[in-house]
Amino acid sequence: MIKTLQRKFIITAMAAISILILVLLGTINVGNVWMTGRQTERTLAMLAENEGDFPPQMDFREKEGTGFLAPPMNEDTAMAARYFLVRVDTDGENVYKDVGKIASVTEAEAGEFAQKVIETGKKSGRIQQLAYSVTDSNDGRGTVMVFLDVSNQFYGILRILVISVAIGVICWICMLFLVILLSKRAILPIARNLEKQKQFVTNAGHEIKTPLAIILANTEAMELHNGESKWSRNIREQTLRLNGLMQNQSRSSMNRGMSV
């Protein structure tokens, strides 16, 4: 009985712990993805607003108040950004390509990416590991496409995911050993109470059987001398009924003890 209770306690406790760990890991990773996406959107918006250039130092300082969890947009983050831009005229022809801020993309590849964006007709989105934004040029002679390399952000998200999952698995295993060690102590009072309840029902059944047997025997003896009456018949029926109830209760108690 104790082993069965212990197994049920472990399963219930680990189910609750598993849900808690999943919610915690999910919240951490979803929050990380959201903040990384917000940072990418801010960087792209600033580049698109200035047609591929970052604003002067004073403008950076004006934009630093972006929240506690968001890193500030300053000169350091600007220099760390890897991006290129393509200027397209009103006829859809590439008139200017700037790949000086990225080493992994050539001018020919930049033109191919720009053509893919033109074919999609979208103002923003992603192509492979590049997030892009399309805005009208300040001179009104076409559009400017800014492509930001987000591969580092992607690998950062993946790294956080792998590390958090590994930590979650380790914590789950540690909690499993801890629950196993404490489970027997936790369910011991319950097991003792069930055992006392079972013993009480058994003892009560044995104690009541003796007076019931005496009442039934005296009733039968009285009927032999005085004959059967409605009172003796009623006493016998109620005695047999009470005896049956005690037997059923005893069997039910034993079944519950075996099933726990």
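The values are calculated or read from the model by the stated rules, or taken from the named source; none is laboratory data. The structure displayed is predicted, hence computed values, not measured ones. All Cβ positions, even for glycine, are placed from backbone atoms using ideal geometry, and neighbour counts span all protein chains on display. Note: accessible area is taken over every heavy atom of the protein model, side chains too, but ligands, DNA and RNA are not part of it. Shrake-Rupley method; radii C 1.70, N 1.55, O 1.52, S 1.80 Å.
Structure summary
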{"read-out": "Using a Förster distance of 45 Å, the FRET efficiency for residue 103-residue 23 (Cβ separation, nearest 0.05)", "value": "0.60"}
{"read-out": "Exposure rank, largest accessible area first [206, 225; 1.4 Å]", "value": "225, 206"}
{"read-out": "For residue 83, distant residues with modelled amide H under 5 Å away", "value": "101, 102, 149"}
{"read-out": "Under the Karplus curve 6.51 cos²θ - 1.76 cosθ + 1.60, θ = phi - 60°, whole-Hz ³J(HN,Hα) for segment 171-187, x wherever Gly or Pro sits", "value": "5, 5, 5, 4, 5, 4, 5, 5, 5, 4, 5, 8, 5, 5, 5, 6, 8"}
{"read-out": "HN-Hα J in Hz across segment 212-218 - Karplus 6.51, -1.76, 1.60, θ = phi - 60°, x for Gly and Pro", "value": "5, 5, 5, 4, 5, 5, 5"}
{"read-out": "GluC sites (Glu not before Pro) within segment 85-192, DSSP loop, no more than 16 other Cβ atoms inside 10 Å", "value": "93"}
{"read-out": "Whole-angstrom gap from segment 182-200 to segment 1-46, using each part's C-alpha centre", "value": "34"}
{"read-out": "Contour excess over end-to-end distance, with Cα ends at residue 169 and residue 225 and 0.36 nm allotted per residue", "value": "12.1 nm"}
{"read-out": "Derived scalar couplings ³J(HN,Hα) [segment 144-152; Karplus, 6.51 cos²θ - 1.76 cosθ + 1.60; whole Hz; x for Gly, Pro]", "value": "10, 10, 10, 10, 10, 6, 10, 5, 5"}
